[in-house]
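Notes to accompany the following structure.
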Amino acid sequence: MMQIFAYHEINETDNSFFYHIEGGADGLFAINETNGMISCKELDREKKSEHFLIISVSDNNMPKRADVCTIRVMVADENDNAPVFSSTILQIIEISDLIQVPSLLLKFSAIDADEGDNGVVKYYIKDDPSGSLDIDPDNGDLIFARDYAFPKSEFILTVAAEDYGNKVVKSSEQTLRILWKRSTKGFLRGEPKFLQQKYITYIAEGLPKNTKVMKIETSNKIFPDVPLTLSIMEGNYDSAFTIDDDNYLRTAEELDAEIQTLYTLKVLATGKFVKSAETIIEIRVLDVNDNAPSFPPIKDRQISESLPIGSHITTIMANDVDADIDLEYMINPPNKYFYIGRFTGAIYLKMPLDYEVAKAIVVGIQVFDGVHIVKTNFTVNVLDVNDNPPKFTSDLYKFKVSINTAKNDIIGKVSAQDPDEGPNGEFRFELLNDSENLRIDSKTGELRLKAPLKDGMVYFAPIKAVDRGNPKLSSFAMIQIQFVQNIIQHVAEFKKDRYSFLVAENYPLYLPFGHIELKNQTSFNFESVTLQILDKSYSDIFHLKNNGQLLLLQKIDYEFLKEYRFRVGLFIDENGVTNTSKPKSTASVIVKVSDVNDNAPTFNTDSTKLIKIDEQMKKGAILGRLTATDLDTADNARIHFSILDGNQHGIIRIDATSGAIIYDHWDDEKLYENPGVNSFNLTFMAIDNGSPPLWSIHSAHFVFNVDTWSGSAPMFAVPVYHKYIFENSAIGSVVLKAQAHNKWDYLGNNWKYSISDNDEIFKIESHTGEVFLKGDLDYEKRNNYEFMVTVKDARHRSAVVPVEITVIGVDEFAPVFSKSSYTFEIPINADVGQRIGNVYATDDDIGPDGKVYYSIPDDQYISFIGIDPDAGVLVLRESFPINKSIEQITVIASSGLTQHSRTTVYLEVRFTF
């Protein structure tokens, strides 16, 4: 979960700490006693939303030293609880004739223990066999909304409660037994209605187009023989949804919760009725983790190497456009210096820094959102502090001084090193005691005689090296000087006047390739001999070690220079001081360079870059040529050519030796694989015969001449066009568009369309292929036409397709009742369900437009009368009221959406005695 750090305020060799949780763990938290890493078991916010941990740390000293800190752990909410319905909700209710539309029947109530949107509860009806009930999705009010006839005496209502989670939606269900005590029987349709005045639903983002969202239930569920058409009128931003013929709401595009999280659609239902119905559909788009986190630009940091452990360096915060995403951070690759909070992104120092060990530390940060991993890094530049004193190369320097040494001669040299930088690493030398015989150069450490020394005496002098840091740091050493007679040594000199070496041009740097031998090598100390390259222009390329080994400092190139000649010199050192005035011995060195295959072939500028072919070209035709050069020699420079990519169909080939590009055959497949593209990339390779071989590549454009290609000719994709048009279509309206294309499924620029075998009723636009209506249509006179459409390109290649036109009749006539009014008598003792009479209307249209439907408008609603919508039969649904002797109603005859007629029906009670 997180890590705790502790440190000593003063530097100590033992930095071992021991961590313990002293209180607040509740059996849920644990800590690693050696590294301070805190872990936890599964937490439950609904049981306890925050925890306070008391952490102690102690060292291993005697007596022990300790400290404590408090950590507040706040538990974030997850949508892990479903709504729970109240136990006080009734299990059974009765709907009788006393209940009017609309009436409040019951209030459903549910509670979700989560917080925020995860705890918001919405309600909806999952199953209502009667179609008569509705529920308020926000407050759970159950409404008796529609007075539909229901044949059974009872049914089970299922209500669902779901939360408002952004990623995961939890729900539960409650059932209610409904006792149906209403006496309504028979036909009673009324106007179209939705079964809920407000629907709520959700869908995850990123699902493919045409995904089902929900089924929109209407009165068509109760009366399936009266179809309704549903349309989205408002709220459909970017046309995100559509409704199919089965009343399923579907996605019309891939949804994105980062763009739109809530849609509120207004939906209209229309049918063969005067009135229409409306409802609201609220659709929540659930967030899916489909976006990777991103880091803002991170600046590099500068921190002192003396910064204490546990110090806060910076906080890295990644961004994620997805909602409610828990980001987890880690340092990757692992870094021994720094620690990052798993959930906070806060970076702390966990190990002391040392400028002399690491001046700049690259810190890699990784963030994980549960699906995606994103990485970044920044650099911590360590600032130097003066934490290192100068250090002498020896605690005791011993020098022997010859009797011939004169005043002010250099008798030796001391040296020291300071790993700090700047003034912290600059130091000077001092003699601690004033000396009559010696002086020291404060910068170079060279020792000189101020006065002669006595023969056979040994002198000791303490010296100090002190830096310029703040505070200043220093170290000490001792000098021992012994005055002796002249030192006789064997004279060192080169064994030969000339040395020759052969080295490959790819020979590794800093690895000896030759040895320059000296005479009398076994009789003198190499530490007293210095070998140097005398020609300074070659000292950057070669290096001569004092033991005679010769090595490379820079890469050499056979193609640049095949041989190097320079001189080397031998110098004698005494007491650490080299006499560079004149070498004691010199020699010549010749280094010959051998060739290796280190140059790849290079294509020349005259190599073919554009290759054109057409379908009529003959096999073997030369299309172009490639040339290349190689700076190497012999086999290393022998070049072969090949086709590396872009010639999968073998349309061309290349001569491996001459580089000639040769036409082989035409292949349509290359064009079919890439419709509309006639230019492709070809990649050639030139490879030498070296070991290992080297190569280079050359790109060229491969162009097909498609103007003469048979596949570019026009063609029709369908064997016949069959189009249905209404008989009342306006003259000049477009009937169809004859669309020709080539084998690429592309349209030609200069194609022309024409029409033949036409009855002068239709005409065609020659450039677009649009067929227009030229004359009037009459379904009753003729309902079918046939003609041919021809398309021709600029090369007179053509294609022909037949066209069949079917004329559809329109609803031109309204239904006509057989009477302007009807009068029917109802016996006083008539039974419920008895036929009262029959109204009848006819329609001069034929087909579906001539089908007549009968209904009683809502404003004429009479509970005891129903009508068969197909036959026009009036039926007694309930006993005729005893207080009425006559009743007047209106009956509507409909055919289609626009054609309606009305008639009046008088109902009279016939009394029998």
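Please indicate, with yes or no, whether at least one residue in the stretch 112-124 is in a loop (DSSP other than H, G, I, E, B), polar (S, T, N, Q) and in contact with a strand residue (DSSP E or B) (Cβ under 8 Å, 6 or more places away or on another chain). Within the stretch 112-124, none of the residues are in a loop (DSSP other than H, G, I, E, B), polar (S, T, N, Q) and in contact with a strand residue (DSSP E or B) (Cβ under 8 Å, 6 or more places away or on another chain).
Quick one: would you say THR264 is hydroxyl-bearing (Ser, Thr, Tyr), open to solvent by less than 20 Å² (accessible area, probe 1.4 Å), under 30 Å from ILE203 (Cβ atoms) and modelled with pLDDT of 90 or more? Judged against the criteria, THR264 is not a match. Considering only residues in the stretch 382-400 that are more than 16 Å from PHE476 (Cβ to Cβ) and outside any strand (DSSP E or B), the one that is least open to solvent (accessible area, probe 1.4 Å) turns out to be ASN386. With respect to the conditions (1) part of a strand (DSSP E or B); (2) within 17 Å of PHE603 (Cα to Cα), ILE662 falls short on a single one, namely (2).
Table: residues versus (1) of a type in the set (S, T, N, Q); (2) open to solvent by 90 Å² or more (accessible area, probe 1.4 Å); (3) closer than 21 Å to THR175 by Cα; (4) at pLDDT below 90.
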| position | (1), (2), (3), (4) |
| --- | --- |
| GLN100 | yes, yes, no, yes |
| LEU104 | no, yes, yes, no |
| ASP112 | no, no, yes, no |
| TYR124 | no, no, yes, no |
| ASP134 | no, no, yes, no |
| GLY140 | no, no, yes, no |
| PRO151 | no, yes, yes, yes |
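Looking only at the stretch 402-438, residues that are under 16 Å from PHE476 (Cα atoms) and either at pLDDT below 85 or in a strand (DSSP E or B) (or both) come to 10 in all.
Kindly establish whether ARG146 is open to solvent by 30 Å² or more (accessible area, probe 1.4 Å) and of a type in the set (D, E, K, R). The answer is no for ARG146. Scanning the stretch 894-913 for residues that are surrounded by 20 or more Cβ atoms within 10 Å (Cβ to Cβ) and either more than 18 Å from VAL852 (Cα to Cα) or without any contact (Cβ under 8 Å) to a residue 24 or more places away in the chain (or both) yields a single hit, LEU907.
Note on the stretch 211-231: among residues that are modelled with pLDDT of 90 or more and either more than 30 Å from GLY866 (Cβ to Cβ) or assigned to a loop (DSSP other than H, G, I, E, B) (or both), the one that is most open to solvent (accessible area, probe 1.4 Å) is LYS212.
Going by the structure shown, is SER863 polar (S, T, N, Q) and touching a Ser or Thr at 6+ places or on another chain (Cβ under 7 Å)? Against the criterion (polar (S, T, N, Q) and touching a Ser or Thr at 6+ places or on another chain (Cβ under 7 Å)), SER863 qualifies. Just a yes or no: is a residue in the stretch 310-326 in contact (Cβ under 8 Å) with a residue 40 or more places away in the chain, open to solvent by 60 Å² or more (accessible area, probe 1.4 Å) and touching a Phe, Trp or Tyr at 6+ places or on another chain (Cβ under 6 Å)? Taking every residue of the stretch 310-326 in turn, none turns out to be in contact (Cβ under 8 Å) with a residue 40 or more places away in the chain, open to solvent by 60 Å² or more (accessible area, probe 1.4 Å) and touching a Phe, Trp or Tyr at 6+ places or on another chain (Cβ under 6 Å). Against the test of being more than 30 Å from ASN32 (Cα to Cα), within 47 Å of the chain's Cα centre (by Cα) and among the hydrophobic types (A, V, I, L, M, F, W, C), the options ALA82, ALA76 yield a single qualifying residue, ALA82. Set side by side, the residues PRO452, PRO423 differ, and just one is loosely packed, with under 15 Cβ neighbours inside 10 Å and within 27 Å of ILE361 (Cα to Cα), which is PRO423. Return the only residue of GLY732, GLY711 being touching a Leu at 6+ places or on another chain (Cβ under 8 Å), in contact (Cβ under 8 Å) with a residue 12 or more places away in the chain, among the small types (Gly, Ala, Ser) and on the phi > 0 side of the Ramachandran plot. After ruling out the rest, the residue left standing is GLY732. Would you check if SER276 is of a type in the set (S, T, N, Q), under 30 Å from TYR329 (Cβ atoms) and touching a residue at least 40 places away in the same chain (Cβ under 8 Å)? Answer is no for this residue. When ILE411 is tested against the conditions (1) in contact with a Ser or Thr (Cβ under 9 Å, 6 or more places away or on another chain); (2) more than 22 Å from GLU305 (Cβ to Cβ); (3) free of Cβ contacts under 8 Å to residues at least 60 places away in the same chain; (4) open to solvent by less than 50 Å² (accessible area, probe 1.4 Å), the lone failure is (3). Taking strands (runs of 3 or more DSSP E) that do not extend beyond the stretch 796-863, which have at least 3 residues that are under 30 Å from ASP707 (Cβ atoms) and either open to solvent by less than 70 Å² (accessible area, probe 1.4 Å) or free of Cβ contacts under 8 Å to residues at least 40 places away in the same chain (or both)? Of the strands (runs of 3 or more DSSP E) lying wholly inside the stretch 796-863, those with at least 3 residues that are under 30 Å from ASP707 (Cβ atoms) and either open to solvent by less than 70 Å² (accessible area, probe 1.4 Å) or free of Cβ contacts under 8 Å to residues at least 40 places away in the same chain (or both) span 798-808.
Taking the criterion of being open to solvent by 10 Å² or more (accessible area, probe 1.4 Å), closer than 16 Å to SER818 by Cβ and part of a loop (DSSP other than H, G, I, E, B), the only residue of the stretch 869-893 that qualifies is ALA871. Give ASN647, ASN681 a once-over and let me know the one that is surrounded by 13 or more Cβ atoms within 10 Å (Cβ to Cβ) and among the polar types (S, T, N, Q). Only one candidate qualifies: ASN647. The stretch 1-88 holds strands (runs of 3 or more DSSP E) entirely within its bounds, and those carrying 2 or more residues that are open to solvent by 50 Å² or more (accessible area, probe 1.4 Å) and touching a His at 6+ places or on another chain (Cβ under 9 Å) map to 66-74.
Residues being open to solvent by 100 Å² or more (accessible area, probe 1.4 Å) and touching a strand residue (DSSP E or B) at 6+ places or on another chain (Cβ under 9 Å): count how many of those fall in the stretch 596-628.
The qualifying residues number 7.
For the stretch 767-784, the condition holds for at least one residue, the condition being that it is part of a loop (DSSP other than H, G, I, E, B), hydrophobic (A, V, I, L, M, F, W, C) and buried (at least 18 other Cβ atoms within 10 Å of the Cβ). Selection of the stretch 277-309 for residues being open to solvent by less than 40 Å² (accessible area, probe 1.4 Å) and in a strand (DSSP E or B) yields ALA277, THR279, ILE281, GLU282, ILE283, ARG284, VAL285, LEU286, ILE303, SER304. Would you confirm, using the coordinates I've provided, whether SER733 is modelled with pLDDT of 90 or more and surrounded by fewer than 12 Cβ atoms within 10 Å (Cβ to Cβ)? Yes. Pairs are defined by a Cβ separation below 6 Å, a sequence spacing of at least 6 or placement on different chains, a first member in the stretch 356-383 that is farther than 29 Å from ASN289 by Cβ, and a second member that is open to solvent by 40 Å² or more (accessible area, probe 1.4 Å) and acidic (Asp, Glu); the pairs so defined are THR379/ASP300.
The values are calculated or read from the model by the stated rules, or taken from the named source; none is laboratory data. What you see is a predicted model, and the numbers here were worked out from it, not measured in a lab. Please note: Cβ atoms are built from the backbone with ideal geometry, for glycine as well, and neighbour counts cover all protein chains shown. The accessibility values were calculated without ligands, DNA or RNA, using every heavy atom of the protein model including side chains. Shrake-Rupley method; radii C 1.70, N 1.55, O 1.52, S 1.80 Å.
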